[in-house]
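Working notes, structure below.
The values are calculated or read from the model by the stated rules, or taken from the named source; none is laboratory data. Remember, predicted model here, so these are calculated numbers, not experimental data. Don't worry about glycine lacking a Cβ; one is built from the backbone with ideal geometry, like all the others, and counts go over all protein chains shown.
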Amino acid sequence: MKKGIDTLIKLRKRALDELRRSLASLENQKAQLKNVSARLEEELQREIKLAATQPEMGNFFGDFAKRIKNRQQEIADEIKALDKKMDKLSQEISEAYSELKKFEIVHENTKKREAAELNRKETIALDEIAGQQHQRKQTEDS
């Protein structure tokens, strides 16, 4: 049974590690999307300043600004979708961790029971030896 529990613990740890790697990947994707959105905002601000200094650029600016805003909204939507996935994954991680802890507790309790049983057997053996020695001493004294 001990080997089976050890195997289950290893499997649970691997599954938990995989979930954590997936969450880290999603967090990385979210950070990249935020960076892209920030760069788009910086580009938009540069173009606003450029359009203010060069009126002939004003004709092109409206479409450009609209495309930037649309892309920023798409990124915001992607981030919201990632947040939902991350929330779900965080819940799965919590459940996986809880399951792992249950198996680890069972494993520890099994080890404690085995140690207690071994200690009990040793105590019985030592008591038996002590009893035999006491009997021999009694026999020798008589």
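For the reader, a short list of remarks on this structure follows.
- Of the residues making up region 55-73, those that are among the polar types (S, T, N, Q) and surrounded by 11 or more Cβ atoms within 10 Å (Cβ to Cβ) are Gln72, Gln73.
- Considering residues of region 32-46 that are under 10 Å from Ile75 (Cα atoms) and among the aliphatic types (A, V, I, L, M) only, the residue farthest from the chain's Cα centre (by Cα): Val36
- Subset of region 1-31 (residues that are closer than 30 Å to Glu114 by Cβ and under 13 Å from the mean Cα position of the chain (by Cα)): Arg12, Lys13, Arg14, Ala15, Leu16, Asp17
- Test: residue in region 29-44 that is surrounded by 10 or more Cβ atoms within 10 Å (Cβ to Cβ) and not in a helix (DSSP H, G or I): no
- Picking from residues in region 86-124 that are closer than 18 Å to Leu11 by Cβ and among the aliphatic types (A, V, I, L, M), the one that is surrounded by the fewest Cβ atoms within 10 Å (Cβ to Cβ) is Ile105.
One line per residue, one yes/no per condition, for (1) in contact with a helix residue (DSSP H, G or I) (Cβ under 6 Å, 6 or more places away or on another chain); (2) of a type in the set (S, T, N, Q); (3) closer than 30 Å to Leu11 by Cα:
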residue	(1), (2), (3)
Ala31	no, no, no
Ala38	no, no, no
Glu41	no, no, no
Asn59	no, yes, no
Lys84	no, no, yes
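- Some residue of region 25-36 being of a type in the set (S, T, N, Q) and at pLDDT below 95: no
- Some residue of region 125-138 being loosely packed, with under 11 Cβ neighbours inside 10 Å, of a type in the set (A, V, I, L, M, F, W, C) and closer than 30 Å to Gly4 by Cα: no
- Within region 11-28, the set of residues being of a type in the set (Lys, Arg) and surrounded by 12 or more Cβ atoms within 10 Å (Cβ to Cβ) comprises Arg12, Lys13, Arg20.
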